[in-house]
Amino acid sequence: MKKTLTAICALLLLVCNVLSAAPDQQQQFEKANQLYKQKQYSEAAGIYQQLIDQGYSQPQLLVNAGNAWYRANKTGLAIYNYEKALGEDPFNKSATHNLAVANQRVEGYVNDLPLLFFQQWWLQLTHFHSPNGWATGAIIFFWLLIAGFIAMLIVPSFKPVLLRWGTAVASLLFILYLTMGISTYVLANTHSEGIIMGSVVKVKSAPDQESKDMFELHEGVKVQVTDATQEYCKISLPDGKTGWLACGEIRRL
Amino acid sequence: MNVTTVSIRKFVLSLFFCLGAFSCLQAQEFRFTTSVSNNKVALDEPFQIQFMLENAPNVTSFTPPTLNDFEVLQGPSQMQGQSIMNGRRSEYIAVIYVIQPKRVGNFTIPGASARSNGNVVRSNPVTIEVVKANRSGYQQSPQQASPQSGFPPSRSQRQQQQQDEMEGVLRNGEDVNAKLRKNIFVKVDVDKTSLYEGEQLTATYKLYTRLPTNSSVTKVPAFKGFSAKDIELPNPPQATEETVNGMHFKVFTIRKTLLFPLQSGTLELDPVEVDNHVKLVKLVKNNNNRKARDPFADVFNDPGFKDPFDDPFFDDFFNRPEVTYEDVPYKVQTAPLRVTVKPLPVDNRPVSFTGAVGKFNMTASIDKQTLSTDDALTLKVVVSGQGNVNLLNGPKVDIPAGFEKYDPKVTDNIEKNSNPLSGSRQFEYALMPLEAGDQTIPAVEFSYFDVASNSYKSIRSQPFTVHVTPGKQTKRDKEDFSVNRNTITSNYNGVLNWVKQGRFLLVSPLFYVLLLLPVLLLVAALIYRRKRNYQQNNAAFLKHRFANKVALKRLELAARYLKEGKDKAFYEETSRAVWGYLSNKLHIPFADLSKQLIQDKLAQQQVSVQYSTQLFDLLDDCEMALYTPMHNNDKMQGTYQQAVAVISHLEDELLRAKSVV
């Protein structure tokens, strides 16, 4: 089921996307890998970043970019890329591991709480399909549902019990897929989390320059952005601290 | 000689007087010494010999040694005084002769004897080397030569004595450097020059001086190859007195260091350098005529005896004008000293030897016998004794695997200024039990090299048995420092599927088009169904509505057949008309029609039995006429009338029933 859906999804995506010159990207990617091997980390990271900026967001690419930034001692960017990769694929082992390693460099890193079992389940469910997979599924089940209805309307004598059950299941699945599709879409389009990019950032008590400093955050700390004005963002930390800081210091995930 | 004994008697009497006056004062340290101004003299050179009684209580007699080989030029003259130094009072009596050797050679002047407090005491003997006269280059010669010209010999000797005892006076023509060299030097004393690695060596740097000097140490030795431990010296430095070749020197200890060689071979002790500023009194003018007589001199001395204070210095002191002071800088340094350090013997060296040299004792103890895995155990090893305590390494302790061992905490307790260095060093090993059960900590062994017996010695403690009970924290997670734990994984180098993240299908029009499409289909299906339903419903209605008409039309056909006399066709048509009417009116398919069904239906429609019997009579007549052909025009007419009546009655009845319903 999943395979077929992904296949359909991939097909749809292929149709949707302009078929770009894939070998070119692969060449770039391999060049960056080569540079990484030669310990020219900043250059490698630059190429990876270019590919990412072009709109490619394969977890492997993001992890490689994170590795290069990590080696180039840009912990903030490394963590940003690892988090991105985990956003794409929360069960990516190397991204998880490397993020943990990179977080060791972060001063004042507060451990995230481990997810509860139902959060884990939810995460697994949301990543069962890609957002477009959920949408495609919703369409397919909707069609099945309608087909069932039509069959019931037009051919009343065609095994009505089986048809009725089938339609009920199809409608339930349609609702599920549609809900999941919407929630994944919302999830993918809310940028409520961010990584601190400045090496030392003063967190203020109010969104203006004159307010007093409350505490300091170091590069690479993951924060929750709860509110924002034009220039200042309100952040909260896993340990409950909140404060305002300039939005330019945060890179939203 | 007669004169001598008389003067001694007088002198002794005056001594008694003095001592009586000062008897209340407690003597400090008794010393009876012989000293000479010079122990290497030329044949015709006069020199001075002095017998000094310090802090001697109740001196009752004094016997000078026999001076057979010398000629007494002057003396005995006596001098006495007291001094208070650092709150300690001391008094002294000195008897001084000026003598001249008669022969060349080495002579030993035996010590003088005196009776003090009833005991006979003797001073030390002095060896004098007499050489041929007029030897130039000898330090003392030029110093001696010039005063002799202007002064009588006796006077010059006395001056010499005063100068040595009291202050540095530089006479005309005296060589400053030679004088300094003779009277100030530094020396390093070591207690041994050949020793083992790690064995203690005591080095003492001393400044010897006979002149008033202001000294400062400018270069301290670095002691390369040694571990040094200084002994604290009193500040300000205390002078001691030492006699070198019969000459009194004030000795200041500059530095006293305990050294422990760290390597074998020939090691050099660096020289120490001392800057001196010697204050010398310079006599500008020699005035022989003026003589200030000391009033006390008459009390102690007979007129024949020469006045002890009658000398140029005291003249100067009272009259001043001829004296100038000179500050002479003078730098001295010790000769470098070499020390041979032998390596420790390799044979029979115990495994547990870690470099301790000396004489040691070791105790080991643990602070508890039973503990839980949550607690910590402390193994305390104390090594005490004499030797290189400050360099001790902890004894090797074989901790079983059931314990986590941490680096020992080292506490030193070294006795201050102890020589040889002694004290103790304490090693505290903190041990964390990891597993419950009975554990045994093996005996602690400590070895050292004993210099006295030239052998290695080992001390062993008892092994310790510890009972470990399981604590709350039974299993502790060991921190994982395995290879890949703290390094990032390697890059992905494979081929990627270069597909851009597309737009979200959910917000694309396609999604909604695709959703709308089946809805349209559904709508189409609904329309179709409705249409079909409508059509079906409409046909039935018309049939019902026109059932009467159809029946009447059939009956018209039947009427034609009646006129034409075709009775079979007539009955057929009549029967069909009735049945067709019933079929349409009662919504019963033609095929399903039966009398019973029609009766039920009619009963349902509450049609009165009268009409239904008429209907069934008609139907029966028709069937009878069909199967028993019998041409009867009247009957045919009657049947026709009956059929029309039944249909119109039924029509009325059914209409009524419908309206009722």
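General observations
- Of all the numbered requirements in (1) farther than 17 Å from B:TYR492 by Cβ; (2) within 14 Å of chain B (Cβ to nearest Cβ); (3) charged (D, E, K, R), A:GLU88 misses one, and that requirement is (1).
- Among the conditions (1) within 12 Å of chain B (Cβ to nearest Cβ); (2) crowded, with 20+ Cβ neighbours inside 10 Å; (3) among the charged types (D, E, K, R), the only one that A:LYS93 does not satisfy is (2).
- Yes/no for A:GLY220 being part of a loop (DSSP other than H, G, I, E, B) and either surrounded by 19 or more Cβ atoms within 10 Å (Cβ to Cβ) or not aromatic (Phe, Trp, Tyr) (or both): yes
- Yes/no for A:LEU13 being modelled with pLDDT of 85 or more and crowded, with 19+ Cβ neighbours inside 10 Å: no
- Selection over the stretch B:484-494 of residues that are more than 7 Å from chain A (Cβ to nearest Cβ) and either in contact (Cβ under 8 Å) with a residue 24 or more places away in the chain or over 17 Å from A:SER57 (Cα atoms) (or both) gives a count of 3.
- Qualifying residue in the stretch A:135-149 (condition: surrounded by fewer than 14 Cβ atoms within 10 Å (Cβ to Cβ) and either within 25 Å of the chain's Cα centre (by Cα) or not assigned by TED's automatic domain parsing to the domain that holds A:SER199 (or both)): no
- Yes/no for A:ARG71 being within 13 Å of another protein chain (Cβ to nearest Cβ), within 25 Å of A:LEU51 (Cβ to Cβ) and modelled with pLDDT under 85: no
- In the stretch B:355-386, residue nearest to B:SER264 (Cα to Cα) [restricted to those that are touching a Lys or Arg at 6+ places or on another chain (Cβ under 6 Å) and surrounded by 15 or more Cβ atoms within 10 Å (Cβ to Cβ)]: B:GLN386
- Some residue of the stretch B:407-418 being more than 30 Å from B:ALA203 (Cβ to Cβ) and exposed (fewer than 15 other Cβ atoms within 10 Å of the Cβ): yes
- Only one of the listed residues (A:GLY55, A:GLY108) is facing chain B (nearest Cβ under 9 Å) and at positive phi. That residue is A:GLY55.
- Residue that is surrounded by fewer than 14 Cβ atoms within 10 Å (Cβ to Cβ) and at pLDDT 85 or above, where the choices are A:LEU77, A:LEU99, A:LEU123, A:LEU61: A:LEU123
- Any hit, the stretch B:270-281, residues being under 60 Å from the mean Cα position of the chain (by Cα), over 24 Å from B:ALA178 (Cβ atoms) and at pLDDT 60 or above: yes
- When A:ALA151, A:ALA138, A:ALA168 are checked against the criterion of being more than 28 Å from A:ASP239 (Cβ to Cβ) and in contact with a Gly (Cβ under 6 Å, 6 or more places away or on another chain), a single residue qualifies: A:ALA138.
- Across the stretch A:207-228, the number of residues qualifying as more than 24 Å from the chain's Cα centre (by Cα) and without any contact (Cβ under 8 Å) to a residue 60 or more places away in the chain comes to 9.
- For the stretch B:495-518, the candidate set comprises residues that are closer than 11 Å to A:ILE146 by Cβ and more than 7 Å from chain A (Cβ to nearest Cβ); within that set, the residue that is surrounded by the fewest Cβ atoms within 10 Å (Cβ to Cβ) is B:LEU516.
- Number of positions in the stretch B:213-229 that are surrounded by 13 or more Cβ atoms within 10 Å (Cβ to Cβ), assigned to a strand (DSSP E or B) and not aromatic (Phe, Trp, Tyr): 7
- Checking A:GLY166, A:GLY194 one by one, the residue that is assigned to a strand (DSSP E or B) and small (Gly, Ala, Ser) is A:GLY194 and no other.
- Every pair of residues 6+ apart whose Cβ atoms lie under 7 Å, when the first sits in the stretch B:517-536 and is in a helix (DSSP H, G or I) while the second is of a type outside the set (Val, Ile, Thr): B:PRO518/A:PHE142; B:PRO518/A:TRP143; B:LEU522/A:PHE149; B:ALA525/A:LEU153; B:LEU526/A:LEU153; B:ARG529/A:LEU153
- Residue in the stretch A:154-168 that is on the phi < 0 side of the Ramachandran plot, surrounded by fewer than 16 Cβ atoms within 10 Å (Cβ to Cβ) and facing chain B (nearest Cβ under 10 Å) present: yes
- Of all residues in the stretch B:520-539 being hydrophobic (A, V, I, L, M, F, W, C) and more than 7 Å from chain A (Cβ to nearest Cβ), the one that is nearest to A:ALA188 (Cα to Cα): B:LEU520
The values are calculated or read from the model by the stated rules, or taken from the named source; none is laboratory data. None of the values given here were measured: they were computed from a predicted structure. Because the Cβ atoms are built from the backbone with ideal geometry, glycine has one as well, and the counts that use them run over all protein chains shown.
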